[in-house]
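The block underneath contains the structure these notes are about, expressed in structure tokens.
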Amino acid sequence: MDTLFRNSLGPTSWIVLGMIPPAIFALYFLKLKRQPLEVPSTYLWHKVIEDLHVNSLWQRLRKSLLLLLQLLMVALAMLALLRPGWQGPSLRGQRFIFLIDKSASMSTTDTADGATRLDQAKQRVDALVDQLESDMSAMIITFAKQPDVVQEFTNNKRLLREALARIEPSAGQTDLRGALELADGFANPDRVMNEEGDQDFEVTTQQDVELYIFSDGRFPSVENFSLGNLRPLFLPIGLFEGQNLAITAFNTRRNEERPESQQTFVQVSNFAAQQQTAVVELQLDGRLLDATELTIPPGGTASATFHLGGENEGALRAQLDIPADFSDRLALDNQAFAVLTERSDGRVLLVTPGNRALESALSTERANRLAKVEKVSPDLLEKAEFEAQSQTEIYDLIIFDQCAPKTMPQAHTLFIGRLPPLEDWQKIAAAEPVFAPQIIDWQRSHPLLGLLELGNVQIADSLLSRPPLGGRILIDSTEGPLLSIAPRDRYEDAVLGFEILGTAADGTRTFNTDWPRKHSFPSFWLNVLEYFAGGEGASLTHNRPDRLVELRVTGSAQELEIVLPDGQQRRVALDQPGRLTFHDTGQLGIYQVREGSQVKKQFAVNLFDREESDIGLRSRQDSEDGLKVVDSLSIGYVDVAAQSPTMRVRRELWKPLLIGALAVLMVEWYIYNRRVYI
Amino acid sequence: MPTASESKLLTPELLNQLERLELVTRKVFRGRMKGERRSKRKGQSVEFADFRNYVAGDDLRLLDWNLYARLDKLIVKLFLEEEDLHFYTLIDASLSMDFGSPTKLEYAKQLAAALGFVGLIRTDRVRIETLGQGVSERGPILRGRHSVWRMLEHVEAIQPDEKPVTLSEGVKNFCLRNAGRGVVVLISDLMDKAGYEHALRYFVSHQVDCFVIHVLSQEELEPDVKGDLKLVDCEDQDEAEITVSAPLLSRYRQTLNSFVAGAQDFCGRRGIHYFLANNQLPVQELVAQHLRRRGLVR
């Protein structure tokens, strides 16, 4: 029904309706019986009437104003019954799912009025909701990194509109797959086993579901997905040209030449079609440190390096100063955050009688960046001073090379060629060494052994390190386990069964293994440092919005407070001592982890996503008429063609008409009661 | 004054105030009896007026013997005569006056009674009449404080006149009835389709000190009407159809204002005192403040 009017009444009703205006006429003329009122004298009134007769046409109009208003009201009501409206395709189907992309790129403002793409999407969904008939139902799902059901299936338009209003833009990346799976769960109900009857039947009837995807399409195609009952419709939102400058990388590292100072690296990408010049400002805790001007070629990147000098601590912020003549459509990616910390905050104690290979492996530059390694000789273990020290949490990791303490310290430990002085370890492990074990397997997935090749390592002799209950064997050999790891309270103990530099039978120091000559040796020790002491270097800077953040925290607090970039506070209970996981990372910026009023740690969440920052719609040349069209989506094996971005929906006029009729009725009533005032 | 206090026309408070007042006239008239007012006549009082030569027949008691001794001439000493004042009140008792709350007629009667009382206690000759009275039907002439009761009785007996009399007819009859000069107070709404001008000219030619108190009701000053109406004149049953609207009402106000202004102007040019009275204004206040300021009472 693509007409201007939609008749909503039958002929009989129209006849009845058509009789109303003549009836009003009739009633109006019948009504005009003036009420007599006795007055002292008509002397003055006659004079008045004579005066007013001069402009009698206006008087006549004024007299029949009520009639005109009544007729106008009826006319408006009749017009409303005809349901006029602008034409657009009407909704077809019974059940609808509106998938609304709320990822970072949807915060782009394409138009001058400041409405974001998300606003446009909401507006269009709202127009569709308007058209829902009473027997149709719809649901709304938003998605960025995570899908979220904003409103389940309902035919209540008010609920749907409220749900629409609730949708807030997020800074996350786009992941259509999760949303599709969620929609799939609603649209394609699995066969459910009836518990009583052992019968297989469907709980709901299979029904086609219209899937409207509102997105700007910044995501890869979805592989291996079956749409089932879902009938997708892709409504792209946005423009082809993406006027956007973005910071796509921002990190800090120690200066290679001058290790005492740090440097910062900023990469700026230009997604516009012209070359742009922009200024990058670097701020530390709100204080301007440095700024530089970058010229970025169209579609390319430019980068700048800032030397921070003596600055070692604080929250870094890089801000892109957009030139005035450039309208940057997406403001979200014009700033980036990083946390500047003393990186070698991990402290490692190496207790060794002397082990050159190990010492050099632990003193590489990268190792220094991960942790500070202190070396002591095993004599110290006897002293009370060490006892006291090891029971406090000074060290993250203590490496016992060919020695063992009397009691276990409050730290992670790595034993080389010895077993921990714990009953659990001692009673399982055989005290006698085995000779020439051949490594047959190692846990490549464990972070300690990541990227290591150990098959070629020769070992003279080794203790077997059988872990107690709860531990894992990391390196297995023909003779038994060589490296294993086991938790102890909130620490972990690793035991490397073979010595690196052993003592031969005649008392001379000699290599027990050729491992130090392999590439895997320094890598292993770096892994050790990273795993036990360094740990979270990456997690302080490279966090993405809406993703889990894992942090190591010291101290014994069971609950910490996290201050979000906008100042909100969240209390987070530590699910595991010393390890903090935090989900609520929807905002970009610096998050502070606090215990009481003390800031324990800070971490940054950044967008850094070229896909999201490249805000133009993906396009391809249409082979037929050479026009640029929006690229289609590919879901599973189905190609979902983009609908025209300017698709219009029918806008009904009956509501304003009816409201107008009511307003006319009010005016008519008012004039009738207080005619004095016109 | 026990009799007057029982009347609803004059309350004791009003009487108290009126006791202190007296009627004033700018003109000097000849009275009929000995009174308290200066007359054109020379006569007996304590106030010296003039000397004149003695002519035979003059009362020897009036000779100024001191002058005779000095000048050897017979000179008569003349004194001002103090006489009473004619005070007429003419009430328009037409049907149109029977409107408003209180009705304009009630208001007029109360005003007449108040002024009459002032006249009586100053020993003036008070006569209260209505427009409808014929040439031969005269009202009683009252004089002296003891007549207050009679005056009140007379005023209270005034009822709206069923037979319509035009203003000019009534005034003409009044002038024919009363030859005596004095103060005339006309209390009317002046709503006469033939116009009030002719009527007022009678007063001018009759050489009286005339006061016109134009009584209008609140309903006439600020009409509270709405809708489509057929206005019926209560006197001649004339009809006027109106549809009330803001321009109509504003036009009515303009017309009323020009009517009042016209009357005021007409009276002002002819030495007639004009005063517009709203029936919502208490008589007490009207007499004690407004009419006092305008010089009818003192």
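Tabulated values for the structure
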read-out: Those helices (runs of 4 or more DSSP H) lying entirely in segment A:21-98 with at least 1 residues away from chain B (no Cβ under 14 Å) and either at negative phi or at pLDDT 80 or above (or both); value: A:65-81
read-out: Criterion: without any contact (Cβ under 8 Å) to a residue 12 or more places away in the chain and surrounded by fewer than 21 Cβ atoms within 10 Å (Cβ to Cβ) - qualifying residue of A:Gln592, A:Gln598; value: A:Gln598
read-out: Output for segment A:479-511, where each listed residue is among the acidic types (Asp, Glu) and surrounded by fewer than 16 Cβ atoms within 10 Å (Cβ to Cβ); value: A:Asp489, A:Asp506
read-out: Residue under evaluation A:Asp135, criteria (1) touching a Gly at 6+ places or on another chain (Cβ under 7 Å); (2) farther than 24 Å from A:Gly217 by Cα, criterion not met; value: (1)
read-out: Residues being buried (at least 18 other Cβ atoms within 10 Å of the Cβ) and either polar (S, T, N, Q) or part of a loop (DSSP other than H, G, I, E, B) (or both) - total across segment A:215-228; value: 7
read-out: Any helices (runs of 4 or more DSSP H) falling wholly within segment B:195-298 and containing at least 2 residues that are within 14 Å of chain A (Cβ to nearest Cβ); value: B:218-221, B:246-269
read-out: Members of segment A:366-404 found to be within 20 Å of A:Arg418 (Cβ to Cβ), basic (Lys, Arg) and surrounded by fewer than 16 Cβ atoms within 10 Å (Cβ to Cβ), listed by number; value: A:Lys383
read-out: Residue satisfying condition, being over 21 Å from A:His583 (Cα atoms), touching a strand residue (DSSP E or B) at 6+ places or on another chain (Cβ under 6 Å) and either in the same structural domain as A:Ile100 (by TED's automatic domain parsing) or at pLDDT 85 or above (or both), within set A:Val150, A:Val209; value: A:Val209
read-out: Count of residues meeting criterion [more than 28 Å from B:Val165 (Cβ to Cβ) and either at pLDDT below 85 or part of a loop (DSSP other than H, G, I, E, B) (or both)] in segment B:135-150; value: 1
read-out: Considering residues of segment B:92-128 that are charged (D, E, K, R) and within 14 Å of chain A (Cβ to nearest Cβ) only, the residue farthest from B:Leu190 (Cα to Cα); value: B:Glu106
read-out: Where A:Ala291 falls short, out of the listed (1) within 19 Å of A:Asp216 (Cα to Cα); (2) surrounded by fewer than 16 Cβ atoms within 10 Å (Cβ to Cβ); value: (1)
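Residues are listed down the side, and each one gets a yes or a no for (1) in contact (Cβ under 8 Å) with a residue 12 or more places away in the chain; (2) out of contact with any strand residue (DSSP E or B) (no Cβ under 6 Å at 6 or more places or on another chain); (3) under 28 Å from A:Tyr670 (Cβ atoms); (4) aliphatic (A, V, I, L, M):
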residue: B:Arg177; (1), (2), (3), (4): yes, yes, no, no
residue: B:Val215; (1), (2), (3), (4): yes, no, no, yes
residue: B:Glu220; (1), (2), (3), (4): yes, yes, yes, no
residue: B:Glu241; (1), (2), (3), (4): yes, no, yes, no
residue: B:Gln254; (1), (2), (3), (4): no, yes, yes, no
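For every residue, the table says whether it meets (1) crowded, with 19+ Cβ neighbours inside 10 Å; (2) in contact (Cβ under 8 Å) with a residue 24 or more places away in the chain; (3) out of contact with any strand residue (DSSP E or B) (no Cβ under 6 Å at 6 or more places or on another chain); (4) under 15 Å from A:Leu419 (Cβ atoms).
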position	(1), (2), (3), (4)
A:His446	no, yes, no, no
A:Ala460	no, yes, yes, no
A:Ser465	yes, yes, no, yes
A:Ser477	yes, yes, no, no
A:Arg517	no, no, yes, no
A:Trp525	yes, yes, yes, no
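The values are calculated or read from the model by the stated rules, or taken from the named source; none is laboratory data. Given the structure is predicted, the values throughout are model-derived calculations rather than measurements. Note: ideal-geometry Cβ built from the backbone for every residue, glycine included; neighbour counts use all protein chains shown.
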